[in-house]
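Worksheet: one structure, shown below.
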Amino acid sequence: MRKQLIRKEFAEFREKGELTPSLVFQDPYMLDFLERADTYSEKDLESAILREIERFLLELGTGFAFVERQKRITFDGDDFYIDLLFFHRRMRRLVAIELKIGDFKPADSGQMELYLCWLDRHERQPSEQAPLGIILCAGKKRETVEYLDLGARGIHVAEYLTDLPPREVLEERLQRAIEVARHRLASSPGTDVALPITAVHAPRMKRRPRT
């Protein structure tokens, strides 16, 4: 299902030159470089990300620029805080990121919608597209996410991994990277390149011992 969506959006990208969220956002995000302890809070996770902001930006992908942490927004006299705020240059969109140390809950999407509405009204510039949100959580139930149809509302729910992921996840990420590269080459004028996307094997990696 996701592979078909990516192929469709690649075709639209070649025709219109517009980069869509599905081609930019990932799932999962590998944050093993943060070296977190077994128990930590959302504030601990945010602080660790900011200490390793360069590596976090590399994991997010090309085009992201850091804007602000704990962005304060106000509704009816009540203050709320967006954990991390980024801007994606190619999409020309603000991207709000909320960190959750537990599993995704439907109420999390309502909170993100509120943030995106505020950003759209008060921060979005005339030349920009509507803001997007990423809810970065420790786990999610895929059927729940599918029923909520969050993509239509500009919200992407993704898991993060603080340990090296299973081999299957690495293989899937490698296959997707090759797929992206193949389509980028194919969309370049005068290019006739075919990269294989089958029989891809992830490199052997050792888990970092816990201290």
With a sphere of radius 15 Å drawn around the Cβ of Ile82, what net charge do the other residues whose Cβ falls strictly inside it have (Lys, Arg +1; Asp, Glu -1)? -3
Label Thr74 and Leu114 with points 7 Å out from Cα along Cα→Cβ: what is the distance between them in nm? 1.6 nm
Tell me, Ser109, Ser47 in order of fewest to most beta-carbon neighbours within 10 Å? Ser47, Ser109
For the stretch 25-163, what is the charge dipole size about the Cα centre, in debye to the nearest 20, if Lys and Arg each add +1 at the Cβ and Asp and Glu each add -1 at the Cβ? 520 debye
Cut-off 11 Å between beta-carbons: net charge of the residues surrounding Asp103, Lys and Arg +1, Asp and Glu -1: +2
One finds, for Glu146 and Glu168 with R0 = 25 angstrom and r their Cβ-Cβ distance, a FRET efficiency to the nearest 0.05 of 0.75
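Values quoted throughout were computed directly from the atomic coordinates according to the rules given, and no laboratory measurement underlies them. These numbers come from a predicted model, not from an experiment. No Cβ is skipped: glycine too gets one built from the backbone with ideal geometry, and neighbour counts run over all protein chains shown.
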